[in-house]
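Below is one structure, written out as structure tokens; the observations come after it.
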Amino acid sequence: MPKSIHSTQPPLNFIPQRYNPLIVKITSWFLPFVLQVRTRPWLPAGIVNIEAKNAEVLAKLYQEFQAGKIRFLIAFRHPEVEDPLTMLYFLTRIVPKVARQQGIALQYPLHSHFMYERGMTLWAGKWLGWLFSGLGGVPVRRGRRVDRNSIQMARDLLANAKMPIAIAPEGGTNGHSGIVSPLEPGVAQLGFWCVEDLQKANREEKVVIIPIAIKYSYVNPPWEKIDWLLSKLETDSGLPVAEISRTGQKKEEILYQRFLRLAEYLISEMEDFYHRFYHRDLPTIIAEETATPNQVLITRLHRLMDTALQITEQYFNIQPQGNFIDRCRRLEEAGWNYIYRDDIEDIQSLPPFKRGLADWVAEEADLRMQHMRIAESFVAVTANYIQENPTAERFAETALLMFDMLSRIKDSTLPGRPRLGLKQAMITVGEPISVSERWDSCQGNKQALRKGVSDLTKDLEVVLEELIK
């Protein structure tokens, strides 16, 4: 992540895709090395193994695509930042291998266009925009009501490009391999637009969406590293040392007690912070007798997230609408409009007075957005995520989300996460969902189309949830 912003910035211009097969080939060559050497000096880590189920389904779709029979869109789960690398390996290594084994004739190399969040270039650097452009990527600003450049390019690529396009329908990472966040309607909407565009051009290709799930696990459960990270979080938070009974308890039970204790402490501190310095009324929650301690904590966490978002919304004069994810997206766009100024033609030509005001606005917007970032880190957290399946992966995911929160508050930036161990990925390909077969019931008026988009989005979400079980 970039350091705290103290001055106004040039506008976030659209980065057009400029697909370059040579860049794809070079990236593919280095991909296994990149996957395995993503390390920190003290914590070796990386993705050392990627496997797939039902890859032949995607291979057959590519065959039909290349024969001019279908157009398709890849809708993949997006739990972690490593997903683009994992998907690239899947398309360039696993699918071709399976196709050869199954006798499925394909034209190589296999690749896809893809959509990525424009803000990625802010924390990774401008080089990432150049790379993604060469790989065929299309940037999108998630919080904009209508990102016309992005929509027009994605729509054209889906209907006319020599490759399919891949999109993460969740819109961003949620840090949970075992939870699908509410899907955004863009994938379904693009699918219906593609059917419409093909019919206007008197083309007979069918349009389908192929759901793909990505799930990560550790090669060896990193219990010692999780204990180390939890101890670091306890120390950094200033949590008083307290002994937890270990008599007859499993390590999972001990860790869970520590997580609850740390979570309760952090939530209490943040409640006091917002009550004392932002004058928010956060009374003690009186829980029902049947409520468990972690259910009470989740209720308090959600109230805290709502408080953080309200503070940011009031600053930007935005009315709260939608779920936590929707609100975060709108606030991100509002903040960017204050920082990356489209209304200033040349920042350097501003007189010192106006430049000072612009810098002031940018710095305060960035600070206000930190409240939103804290809430954003916990949008997928549920009361029973660890309890229902107390695996090392779920403990690690929760600990890393807590690490993100403390890092933002300590440094106002998000440093590289500690790597807890070697990981492996399982990619599962679902059955294609036909958009063309749904088209007839969506024609006639906007209301029917909106219902069609909503129904397709819900069906896709159900499929993705099944694929990660």
Do you know which of the residues in segment 375-430 that are open to solvent by 30 Å² or more (accessible area, probe 1.4 Å) and in contact with a strand residue (DSSP E or B) (Cβ under 6 Å, 6 or more places away or on another chain) is farthest from residue 172 (Cα to Cα)?
422
Go through segment 342-355 and give me each residue that's surrounded by 13 or more Cβ atoms within 10 Å (Cβ to Cβ) and either touching a Pro at 6+ places or on another chain (Cβ under 7 Å) or under 10 Å from residue 5 (Cα atoms) (or both).
347
Any hit, segment 111-120, residues being open to solvent by less than 20 Å² (accessible area, probe 1.4 Å) and either assigned to a helix (DSSP H, G or I) or among the aliphatic types (A, V, I, L, M) (or both)
no
Got at least one residue in segment 176-187 being open to solvent by 20 Å² or more (accessible area, probe 1.4 Å), at pLDDT 95 or above and in a helix (DSSP H, G or I)?
no
Determine the pairs where a residue that is farther than 16 Å from residue 329 by Cα, located within segment 359-375, has a partner that is part of a helix (DSSP H, G or I) and open to solvent by 30 Å² or more (accessible area, probe 1.4 Å) with Cβ atoms under 7 Å apart, the partner being 6 or more residues away or on another chain.
361/338; 362/338
Count of residues meeting criterion [open to solvent by 60 Å² or more (accessible area, probe 1.4 Å) and out of contact with any helix residue (DSSP H, G or I) (no Cβ under 6 Å at 6 or more places or on another chain)] in segment 356-374
5
Give the residue, chosen from 277, 316, that is within 20 Å of residue 405 (Cα to Cα) and either open to solvent by less than 70 Å² (accessible area, probe 1.4 Å) or not aliphatic (A, V, I, L, M) (or both).
277
Which one is farthest from residue 274 (Cα to Cα) among residues in segment 286-305 that are within 23 Å of the chain's Cα centre (by Cα) and free of Cβ contacts under 8 Å to residues at least 24 places away in the same chain?
302
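The values are calculated or read from the model by the stated rules, or taken from the named source; none is laboratory data. Model, not experiment: these values are computed from the prediction. Cβ sites come from the backbone with ideal geometry, for glycine too, and all protein chains shown count toward neighbours. Calculation scope for accessible area: heavy atoms of the full protein, side chains included, ligands and nucleic acids excluded. Shrake-Rupley method; radii C 1.70, N 1.55, O 1.52, S 1.80 Å.
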